[in-house]
1. Filtering segment 137-159 down to residues that are without any contact (Cβ under 8 Å) to a residue 24 or more places away in the chain and not in a helix (DSSP H, G or I), which residue is surrounded by the fewest Cβ atoms within 10 Å (Cβ to Cβ)?
2. Regarding VAL87, is this residue outside any helix (DSSP H, G or I) and closer than 30 Å to CYS137 by Cα?
3. Identify all residues within segment 1-38 that are open to solvent by less than 60 Å² (accessible area, probe 1.4 Å), outside any strand (DSSP E or B) and in contact with a strand residue (DSSP E or B) (Cβ under 9 Å, 6 or more places away or on another chain); write none if there are none.
4. State which residue is nearest to PRO68 (Cα to Cα) when the search covers only segment 103-118 and only residues that are in contact with a Leu (Cβ under 8 Å, 6 or more places away or on another chain) and in a helix (DSSP H, G or I).
5. Among the residues of segment 119-136, how many are within 26 Å of ARG32 (Cβ to Cβ) and assigned to a loop (DSSP other than H, G, I, E, B)?
6. Starting from residues that are open to solvent by less than 40 Å² (accessible area, probe 1.4 Å) and either aliphatic (A, V, I, L, M) or in contact with a Cys (Cβ under 6 Å, 6 or more places away or on another chain) (or both), keep the ones in segment 108-136 and report whichever is farthest from VAL22 (Cα to Cα).
7. Could you list, in sequence order, all residues of segment 49-84 that are open to solvent by less than 40 Å² (accessible area, probe 1.4 Å) and farther than 15 Å from ASP19 by Cα?
8. Would you check if there is a residue in segment 201-216 being open to solvent by less than 50 Å² (accessible area, probe 1.4 Å), of a type outside the set (Asp, Glu), at pLDDT 65 or above and assigned to a loop (DSSP other than H, G, I, E, B)?
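The values are calculated or read from the model by the stated rules, or taken from the named source; none is laboratory data. What you are looking at is a predicted structure, and each value in this text was computed from that prediction instead of being measured. Reconstructed Cβ throughout: ideal geometry from the backbone, glycine too, with neighbour counts over all protein chains shown. Protein only, heavy atoms only, side chains kept; ligands, DNA and RNA dropped before computing areas. Shrake-Rupley method; radii C 1.70, N 1.55, O 1.52, S 1.80 Å.
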Amino acid sequence: MREIVLDTETTGLDPLRGDRLVEIGCVEMINRMPTGQTFHVYLNPERDMPQEAFAVHGLSSEFLADKPLFAAVAEDFLTFIADAPLVIHNASFDIGFINAELTKVSRAAIPRDRLVDTLTLARRKHPGVSNRLDDLCSRYAIDNSRRTKHGALLDAELLAEVYIDLIGARQSQLILSETRQSFSAGQTDAPRRQREVPLAPRITEADVAAHKAFVATLGGTPVWNEFSKET
């Protein structure tokens with residue numbers, strides 16, 4: 001199964017009030033494992049950068065001035081994500097900005113049934129505590145020391161690791177890896193659990209007697225004896 005872990009950076013909090021995307025980062029996952037394929041782009045928002053937003057991600061108007069407009073990268077972005085589910089932390093925020101940009105270039109909005117919101121997953125699994133990305137990295141012992149500021153691609157990479165732990169996929173991967181190692185070491189049989197107490201016999205003495213009586217009716221040369229002679 002193909003999934004895309006996605007994150008964005010913006011000029012503010014509300015696309016309906018003129019805020020724009022300035023960065024998109026995507027990480028491809030196949031069967032809940034990152035493949036190494038990514039999509040990353042900085043964008044010219046065609047407006048100033050508020051100080052509050054700059055403090056979060058460090059992307060200045062000067063840095064973004066020569067970057068492409070969303071219209072120039074929209075096709076590449078849509079080709080990369082294709083029809084895969086989108087794994088996003090606080091998905092309503094990012095998809096609101098993405099759909100606002102898609103609307104500006106006359107492209108269809110991304111439906112919300114494609115979204116996997118890791119913030120919702122985290123709140124269900126860890127109720128009553130903070131579930132910011134940094135908190136989840138600490139909770140799952142994921143190294144986020146490079147995250148001195150927000151960055152869309154780095155955050156998507158960290159979120160991919162968090163997502164694996166959130167849904168319990170890492171344990172499944174460890175079991176699969178151990179099984180593969182056993183087979184590669186020549187252990188062709190997977191370990192089998194033994195019952196602490198053997199099951200009681202289900203064949204009664206009457207069953208045994210009935211079987212013997214049936215065999216006696218077959219005569220002295222039953223057909224399977226012929227096969228045993230051949231082998």
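1. SER145
2. yes
3. Once the filter is applied, which keeps residues that are open to solvent by less than 60 Å² (accessible area, probe 1.4 Å), outside any strand (DSSP E or B) and in contact with a strand residue (DSSP E or B) (Cβ under 9 Å, 6 or more places away or on another chain), segment 1-38 yields THR11, PRO15, ASP19, ARG20.
4. As a first pass, look at segment 103-118 and keep what is in contact with a Leu (Cβ under 8 Å, 6 or more places away or on another chain): 107-110, 114-116, 118.
If we keep only those that are in a helix (DSSP H, G or I) too, we end up with 114, 118.
Values: ARG114: 27, THR118: 29 Å.
By that ranking, first place goes to ARG114.
5. Taking segment 119-136 first, the residues within 26 Å of ARG32 (Cβ to Cβ) are 119-127, 129-136.
Next, only the ones that are assigned to a loop (DSSP other than H, G, I, E, B) stay: 126-127, 129-132.
Summing the residues that are within 26 Å of ARG32 (Cβ to Cβ) and assigned to a loop (DSSP other than H, G, I, E, B) in segment 119-136 gives 6.
6. Only one residue tops the list, namely ALA122.
7. From segment 49-84, those open to solvent by less than 40 Å² (accessible area, probe 1.4 Å) are 49-50, 53, 57-60, 64, 70, 73-74, 77-78, 80-81, 84; that's our starting set.
Scanning segment 49-84 gives GLY58, VAL73, ALA74, PHE77, LEU78, PHE80, ILE81, ALA84.
8. Initially, segment 201-216 is screened for residues open to solvent by less than 50 Å² (accessible area, probe 1.4 Å), giving none.
Checked segment 201-216: no residue is open to solvent by less than 50 Å² (accessible area, probe 1.4 Å), of a type outside the set (Asp, Glu), at pLDDT 65 or above and assigned to a loop (DSSP other than H, G, I, E, B).
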